[in-house]
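The values are calculated or read from the model by the stated rules, or taken from the named source; none is laboratory data. Please read these numbers as outputs of a predicted model, since none were measured by experiment. When we count neighbours, we look across all protein chains shown, and the Cβ atoms used for this are built from the backbone with ideal geometry, even at glycine. Accessible surface areas use protein heavy atoms only, side chains included; no ligands, DNA or RNA. Shrake-Rupley method; radii C 1.70, N 1.55, O 1.52, S 1.80 Å.
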Amino acid sequence: PDRGGASVMDGQNVDPSRMMDQVRAEMSQHFAQEFLNQMRDKCFEKCITRPGNSMSSGETSCVQRCFDRYEDATKAVAKGLSG
């Protein structure tokens, strides 16, 4: 049956370029999710001293600074890798 367009891999026609694009997109999404999970865990461990229903202003500031440092480090690594 016609599905309104060719899939990346339909059993007969495999478009390697489209398949690689899809793999890259999935890997990028996976990397981003893992990065966010690591950042959340590390910043929570560092900044949240007494878990509760809300964060103190100090904890909020600490988490924001922690996230900012992760973002800066990621940009520096990306810049170093690109050139």
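Some points to look at:
- Selected residue (only one of 39, 19 is in a helix (DSSP H, G or I) and in contact with a strand residue (DSSP E or B) (Cβ under 8 Å, 6 or more places away or on another chain)): 19
- Every residue from the range 34-61 that is under 17 Å from the mean Cα position of the chain (by Cα), open to solvent by less than 100 Å² (accessible area, probe 1.4 Å) and polar (S, T, N, Q): 37
- When residue 12 is tested against (1) modelled with pLDDT under 90; (2) open to solvent by less than 60 Å² (accessible area, probe 1.4 Å), just one condition goes unmet, and that condition is (2).
- Criterion violated by residue 32 - all others in (1) over 14 Å from residue 74 (Cβ atoms); (2) at pLDDT below 90 satisfied: (1)
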